[in-house]
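A short worksheet on the structure shown next.
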Amino acid sequence: MATRQNTLRAKTNDGAEAKRKAARRPRAKADGSPPIDRRELILAVATRRFAEYGFEATTVRQIADDVDILSGSLYHHFATKEEILEEIVRDAILQSRDDAQRIAELPLDAEQRFVALLMTELHRLTESQEVYAIAFNERKFFRRSEYFSYLSKAKKDAYEAWSAVLSDGVREGLFHPELDIYLTISTVIRMLNAGADWYKNEDGSQIDAIANYSLDKLLDFYLGYVLRAIRAPTRAGEAIPHPTIEL
């Protein structure tokens, strides 16, 4: 009896997954115009809502209403709201980890590697600001959820790569001998997230004149600000390095 139940459950699960896969395929419209990829539309709407209101404050009904489908229809594409969140942030978080680990192993001195970390992170943040904002803002939720444990580990791995670079800099005499590594990383990441949000979402008002600043100018400001704070006192006036890094 148990075997029959297990077989029936497996068939039911296979059937549900087959329906979701079929629903993911764009369908041609009656007027011959390009098909609507409903799955991508759901992700776009959810990204906007999660970035603006937060994951836990956003409901499946709100996402479905914005996409103009019934809540039940959304489950043909995603089994849970958590699955939507995972689809949005997974690649960004894993990419940040891979970037950090790759840069930490480059044959450069610690300051050049730290600059490369900061440059790459700002580039990623401005490239996909809403996605990275969600990944940053939902970090506590990820830590509470077993479902997202692998992403929490990826974020921890990225932090450890940044930490290793700063530790190398202290040991090499490039950075202040009493540098607080945790506070430095936390401050830099928050600063970059805020800067990317400002850069991508300025409102065009006179007081918010981000249009006068290129991304390179913003980067130079951040590099100068951070390096003045963390460099060894004897190196305060040295030029800022700009290593060439492939993204």
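Each reported figure results from applying straightforward, stated rules to the coordinates on display, with no laboratory input. None of these values were measured; they are calculated from a predicted model. No Cβ is skipped: glycine too gets one built from the backbone with ideal geometry, and neighbour counts run over all protein chains shown.
Fully extending the segment from Glu82 to Ser149 would add 22.9 nm, taking 0.36 nm per residue of separation and subtracting the current Cα-Cα distance. Sorting 169-176, 113-120 by their mean Cβ neighbour count within 10 Å, with the most densely packed peptide first, gives 113-120, 169-176.
For Arg48 and Leu108, what does the FRET efficiency come to when R0 = 35 Å and r is the distance between their Cβ atoms, rounded to the nearest 0.05?
0.35
Fully extending the segment from Glu56 to Asp220, taken as 0.36 nm per residue of separation minus the present Cα-Cα distance, adds 55.4 nm.
Between Thr234 and Glu246, the simple spin-label model (points 7 angstrom out along Cα→Cβ) gives 3.7 nm. Length gained on full extension, Glu178 to Arg139, computed as 0.36 nm times the residue gap minus the Cα-Cα distance: 11.2 nm. Between Ser163 and Ser73, the C-beta separation translates, for a Förster distance of 41 Å, into a calculated FRET efficiency of about 0.35.
Normalised by the number of residues in the stretch 109-247, the mean separation of alpha-carbon contacts (under 8 Å, six or more apart) gives a relative contact order of 39 percent. Taking amide H as placed 1.01 Å from N in the peptide plane, Phe175 has its amide H under 5 Å from the amide H of Val170, Ala232, each at least 5 places away in sequence or on another chain.
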